[in-house]
Amino acid sequence: MVDENQTPDPEQGEGGKASVVITAALLSMRENEKARALVDALESAWHPDSGKFDVEAAVRGIEAGLGEEGDKPQ
Amino acid sequence: MKMARLEFDGFRCFRKKRALPLKGGRSLCLQAENGRGKTSIADALEFWSTGDVAWTHRDGVGLEALVHLDCHEAAVEIQVDGVGVASRRLHGNSSGPLEAGAGPLAVNFSGERLPVLGHRTMAQFVDKTANDKRSELLEALGLNDLGAFRAGVRSVKSQLKRRAKEMSERQKAAEQALNAQLGEEKLDDTLARLSASAGLDSRLSDGDDLIAWKPPAVQTQAPSSPLSRSEELARAREELSQASTDLWTAAIEDKAAAEQRGLSTLLEAGSQVMATSDEDRCPLCLTAQDRQALIDRISERAAELAATDEKFGKAEQQLTAHAEAARRLVRALEGVLSNEAPMEVDLAQPLEASLTELKGYLERLTEARAQRRPPGNVPLPSAQVVAKAHKVALSTPAAVGPALVELSTLKGMLVELRDSRAAAAQADRREAAANAAAQLTDEAVERAIQAELDRINEPLASYYAQLVGQPVYTDLRLVYTEARAGGIEFKFKWDGRHDVRPPQKVMSESELNALGLALFLARLKTDPPSWRTMVLDDVVASFDAVHRTRLIRLLVTEFGDWQVILLTHDSQLSRTVAVEAPQWQVEKVTAWTPSEGPTFGPGNTRARLRERLDSGEPAEELGGLARQAMEEALERPVGKMGLKIRHDPTNGYAADEYRRALVGGLSEGGFPRADDEILVRLRTDGSITNRACHYSDCEPGITEQDLRILLEDLDALDQLFHCDTCGKKAWEVPHQGSTRCQCECGELTCA
């Protein structure tokens, strides 16, 4: 139902809460010295539209992204 | 937005079209006995908002169960105050869209589910496990995606941990293989020894030297061309074939030579006999004239055999030489197999097989020579094997080969060790990164969920306290944990001393129901839907009168700006609503028939009495209703002001008992209007209604005028407690100092 006096804000919908939390979690990983190497792979594996996480894609991304030095992507 | 009118047609028990107006979008308390349409209304509102009703999915019931048995389709129409009308139809199992009907404004509906709480849904939630509560609440809070993300990160962590373990085991295996290869000897010493044995130009001093070392071309270089090997192989096969033929020839000649030697011996023996004998007879055949012929024949044969003796000797020499060559081939082949470099491993299997052939062939050759017979059908060994063995035997010194091979083997092991250590280190870094990521995810998720729960916890605790008013339960809240047997669960302190979780451990059924109700209301408060309407369907079944009153007061104070649709079978609750929430509309299902369905009427008895009088109903038929209206009107101020009333366990309170309590309490309390004449007139009204109720056959009977006067007096009674200055009731502010209650400005007080 839409209240004619109040325009609904999609950003504030219930699905947005989870995305906000996940975005914040990924941001904290970027700031962490150990975890930051994985963030790109985890972000690409997470599909917010469907709410699914592709574990295999994340692992592939991690293995492809981390070089001999460990923290820097090749 | 508030609902102004509800209309049901053919929906469940509403065989015919029935409308329920909600004046001014007010909240509604509808009282109906069991089976008279309460839940039908709740279902209608759910169907109207979403096009579906949850319980119809159970047991294969289907939406068609919502259509009255005598109808083909059903419809629910709602007029939204100031906006317009929208309806939804149901034909069989097919639910239609929400259609905006005529009205001054277009109506947009998003299909948002109307919040409905039933008695079963309330109890069902409390009985769920902590994990089920978590699933339901996270979905309701819009946080269920967090679970999928968190599970994904944990799976990544598990896989990387597994990979790190595999790499560690690979490293360990490489170390063990190298240690087994070296034995007691140190690597540097081994390298020094092998460097010398292999005749390397520069000595290998450590592992790095060995890894950088490239084996020489002689042993590890692949044949320049398979064709050249084949050519060598062809020559070797030809030589062996010739050797076989020679052996066969030699064997035949060998046999002839033996025969010749036998005959010579026999001839010599015969000649000696002839020389010493006087008789003219052959010692073999005993015939004189054949003796000379026999001697001639033996002599002739002996000459033939003597001519082949030399040839036999040569054949024997060839056989000996050929056997020696075959032995050399076997030795060389064995050397190649034991010292084979890794790059030529593709020949290992055929080499081994052909080694067996060669050995067998050599044995047959030797046997044939010893027995002076042909070797038979001996298959020749593999051409490739022979060519290689021949080449190696001729070109490679015995000691160099094994040292080079061992160096190559060590080199491979060191390379594997280096690679496995690097892989293990990389896997460890990834695992550490995944651990950090998983921990950060866990913390973020737990913080987010607990933050949402904390938003609910404050109103939850407040509402529960207002509902139950039990001081033994404190610090009530929902807590979240991902630990084993975790989830979301209620937790509180009992008597300030014991932590209790889950609440089923100590709470009674009614207290648990109150908990479910408090949570429902708390969720609505923290995340209100776009239009503030809720439906409560028979939620007070397990509540006593005190708790029911508390619920109504809670709804009035906390959800005063909401539209509440409260459905109940309890007439006491509807009277409580009339007292505690006079701004609400109180309706009742006054009649129900299978053909007509429910009929609505004012739940407020006075309003119903007035309506029936206005409709022309005879006064003598309204005695009971009049008496009930009077009792309700008197009960309200007595209850609100907490006045004492004589308790009669065998009978309900009669109107006069309420009146006496009212008069006595107001007088004792110094109420300014305690001597108002209305309190006297009500005594007469009570007598009239009593007589109308119990002595309806007596004269004079109750008249319409009596009832009209009664209604006026009851209205006047209401005004007795209404402050003209502040406009509030005399019980607006309870218990201040020695005052039992007072209005807002204090003009009306009662001690």
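Residues to consider are B:Thr409, B:Thr441; find the one that is open to solvent by 40 Å² or more (accessible area, probe 1.4 Å) and either modelled with pLDDT under 90 or at the interface with another protein chain (Cβ under 9 Å from one of its Cβ atoms) (or both). Exactly one of B:Thr409, B:Thr441 is open to solvent by 40 Å² or more (accessible area, probe 1.4 Å) and either modelled with pLDDT under 90 or at the interface with another protein chain (Cβ under 9 Å from one of its Cβ atoms) (or both), namely B:Thr409.
Tell me, which residue of region A:41-58 that is within 21 Å of B:Arg162 (Cα to Cα) and surrounded by fewer than 20 Cβ atoms within 10 Å (Cβ to Cβ) is nearest to the other protein chains (Cβ to nearest Cβ)?
Let us first name the residues in region A:41-58 that are within 21 Å of B:Arg162 (Cα to Cα), namely A:41-42, A:45, A:53-58.
Then keep just the ones that are surrounded by fewer than 20 Cβ atoms within 10 Å (Cβ to Cβ); that gives A:54-57.
Details: A:Asp54: 8, A:Val55: 4, A:Glu56: 9, A:Ala57: 10 Å.
By that ranking, first place goes to A:Val55.
When B:Leu567 is tested against (1) out of contact with any Asp or Glu (no Cβ under 6 Å at 6 or more places or on another chain); (2) touching a residue at least 60 places away in the same chain (Cβ under 8 Å), just one condition goes unmet, and that condition is (1). The sole residue among B:Ala433, B:Ala403, B:Ala393 that is among the small types (Gly, Ala, Ser), modelled with pLDDT of 85 or more and assigned to a helix (DSSP H, G or I) is B:Ala433.
Checking the stated criteria, B:Gly469 turns out to be touching a helix residue (DSSP H, G or I) at 6+ places or on another chain (Cβ under 8 Å) and not aliphatic (A, V, I, L, M).
Scanning region B:168-184 for residues that are open to solvent by less than 60 Å² (accessible area, probe 1.4 Å) and more than 30 Å from B:Glu431 (Cα to Cα) yields a count of 2.
Take the conditions (1) closer than 23 Å to B:Arg5 by Cα; (2) free of Cβ contacts under 8 Å to residues at least 60 places away in the same chain; B:Gly616 misses just one of them, which is (1).
Figure legend. Inter-residue proximity from region A:14-34: first residues within 20 Å of B:Ala433 (Cα to Cα) and more than 7 Å from chain B (Cβ to nearest Cβ), second residues part of a helix (DSSP H, G or I) and open to solvent by 90 Å² or more (accessible area, probe 1.4 Å), beta-carbon distance below 7 Å, spacing 6+ or different chains. Indicated pairs: A:Arg30/A:Arg36. Number of residues in region B:4-41 that are at pLDDT below 90, crowded, with 20+ Cβ neighbours inside 10 Å and under 17 Å from B:Arg532 (Cβ atoms) equals 1. Return yes when B:Gln450 is part of a helix (DSSP H, G or I) and more than 14 Å from chain A (Cβ to nearest Cβ) and no when it is not. No; evaluated as a whole, the condition is false for this residue. Residues of region B:447-462 that are touching a Ser or Thr at 6+ places or on another chain (Cβ under 8 Å) and open to solvent by 60 Å² or more (accessible area, probe 1.4 Å): B:Arg455 alone. Report whether or not B:Ala438 is in a helix (DSSP H, G or I), out of contact with any strand residue (DSSP E or B) (no Cβ under 8 Å at 6 or more places or on another chain), hydrophobic (A, V, I, L, M, F, W, C) and touching a residue at least 60 places away in the same chain (Cβ under 8 Å). Yes, satisfied.
Checking each residue in region B:196-210 for being open to solvent by less than 50 Å² (accessible area, probe 1.4 Å) and at pLDDT 85 or above picks out B:Leu204, B:Gly207, B:Leu210. Scanning region B:131-164 for residues that are away from chain A (no Cβ under 11 Å), open to solvent by 40 Å² or more (accessible area, probe 1.4 Å) and either of a type in the set (Ser, Thr, Tyr) or touching a residue at least 24 places away in the same chain (Cβ under 8 Å) (or both) yields B:Asn131, B:Asp132, B:Arg134, B:Ser135, B:Lys161.
Can you go through B:Gln466, B:Gln470 and tell me which one is closer than 24 Å to B:Leu524 by Cα and part of a loop (DSSP other than H, G, I, E, B)?
B:Gln470
Whenever a residue of region B:179-197 is free of Cβ contacts under 8 Å to residues at least 60 places away in the same chain, its partners that are of a type in the set (Ser, Thr, Tyr) and surrounded by fewer than 15 Cβ atoms within 10 Å (Cβ to Cβ), lying with C-beta atoms within less than 9 angstrom and at least six residues away or across chains, give the pairs B:Asp188/B:Ser205; B:Ala192/B:Ser205. Restricting region B:463-475 to residues that are open to solvent by less than 50 Å² (accessible area, probe 1.4 Å) and closer than 15 Å to B:His547 by Cα leaves a set whose member that is modelled with the lowest pLDDT is B:Gly469.
Of all the listed residues (B:Val500, B:Val556), the sole one being closer than 17 Å to B:Asn457 by Cβ and free of Cβ contacts under 8 Å to residues at least 40 places away in the same chain is B:Val500. Within region B:503-523, at least one residue is open to solvent by 10 Å² or more (accessible area, probe 1.4 Å) and either within 14 Å of another protein chain (Cβ to nearest Cβ) or on the phi > 0 side of the Ramachandran plot (or both). Scan region B:40-47 and give yes if some residue there is aromatic (Phe, Trp, Tyr) and closer than 27 Å to B:Gly560 by Cα, otherwise no. Yes, region B:40-47 contains a residue that is aromatic (Phe, Trp, Tyr) and closer than 27 Å to B:Gly560 by Cα.
The values are calculated or read from the model by the stated rules, or taken from the named source; none is laboratory data. This is a predicted model, so every value here is computed, not measured. Counting neighbours? That spans all protein chains shown, and the Cβs are built from the backbone with ideal geometry, glycine included. Areas reflect the complete protein model, heavy atoms only, side chains present, ligands, DNA and RNA absent. Shrake-Rupley method; radii C 1.70, N 1.55, O 1.52, S 1.80 Å.
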